[in-house]
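A short worksheet on the structure shown next.
The values are calculated or read from the model by the stated rules, or taken from the named source; none is laboratory data. Computed from a prediction, not measured in an experiment: that's the story for all the values here. Backbone-built Cβ (ideal geometry, glycine too); neighbour counts: all protein chains shown. Quick note on the areas: whole protein, heavy atoms, side chains included, nothing else; ligands and nucleic acids left out. Shrake-Rupley method; radii C 1.70, N 1.55, O 1.52, S 1.80 Å.
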Amino acid sequence: FYQWSEQEEGKEKKQHLLLAERSFKIVLRLNPNHVAASYNLGTTLHRMGKFSLSVDSLLLAASLDPSHEDAYFNMGASLWQMGRMMDASSAYRQTLQLNPVKADAYYSDGLCLGAMGHPEQAQQRFSAALKLDPQHVDALFNLGISHAQMRRYGEALSLFQKTMQLNPQHPSAEKNAQTCQKLLQ
């Protein structure tokens, strides 16, 4: 009997992405101002790991439709993957100007700020994400990380424990909670 393997699934996914990329490029050749094709090409390129090309396509979508919040949000994700934290943060802030209740944009901007060495600003962003979505496990966990970075181990411990309550299988929360407990002794 034939069994489907992850490798074959990966090949099929890659073929679908290549087909999507070609299709969106054809649409853009016919209509260079097609916002949806530009946006979808950008997200497809991101999924293919072509982050610089993704940013170019998403910039086009945003220039054609400056109110396209998802173009800015996904641009931030590609810029993050490229290590361009300041630019990614700027894209997430643009997303928030267009949609101030997008919890994932606050969370993602918090990651950028934390990576740039601004844990207090990161905390503000993670807290804002949690106000909008109290179940945002990643925001809760990273809020704990930022507290730990600032040697606020009691607060960090509490946040890691809350993370484990929401997601008992979280890969790092228990280890970080144990580390905080040791540091508090």
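Whenever a residue of segment 166-185 is of a type outside the set (K, R), its partners that are in a loop (DSSP other than H, G, I, E, B), lying with C-beta atoms within less than 7 angstrom and at least six residues away or across chains, give the pairs L166/Q135.
A quick yes/no check of all residues on (1) within 23 Å of M82 (Cβ to Cβ); (2) open to solvent by 60 Å² or more (accessible area, probe 1.4 Å):
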residue: Q97; (1), (2): yes, yes
residue: V101; (1), (2): no, yes
residue: L113; (1), (2): yes, no
residue: A122; (1), (2): yes, no
residue: A128; (1), (2): no, no
residue: H147; (1), (2): no, no
residue: T179; (1), (2): no, yes
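For L159, the conditions (1) open to solvent by 30 Å² or more (accessible area, probe 1.4 Å); (2) hydrophobic (A, V, I, L, M, F, W, C); (3) over 17 Å from the mean Cα position of the chain (by Cα); (4) under 24 Å from L96 (Cβ atoms) all hold with the exception of (1).
Restricting Q135, Q94, Q121 to residues that are of a type outside the set (K, R), closer than 18 Å to H46 by Cβ, more than 13 Å from the chain's Cα centre (by Cα) and at pLDDT 95 or above narrows the list to Q94. Looking only at segment 170-185, which residues are more than 21 Å from D104 (Cα to Cα) and of a type outside the set (V, I, T)? Answer for segment 170-185, where residues must be more than 21 Å from D104 (Cα to Cα) and of a type outside the set (V, I, T): E174, K175, N176, A177, Q178, C180, Q181, K182, L183, L184, Q185.
Within segment 37-70, being more than 13 Å from the chain's Cα centre (by Cα), open to solvent by less than 40 Å² (accessible area, probe 1.4 Å) and within 18 Å of S108 (Cα to Cα) holds for S54, V55, L58, H68. Filtered by the rule that a residue be open to solvent by less than 70 Å² (accessible area, probe 1.4 Å) and in a loop (DSSP other than H, G, I, E, B), segment 9-33 gives a lone residue, N31.
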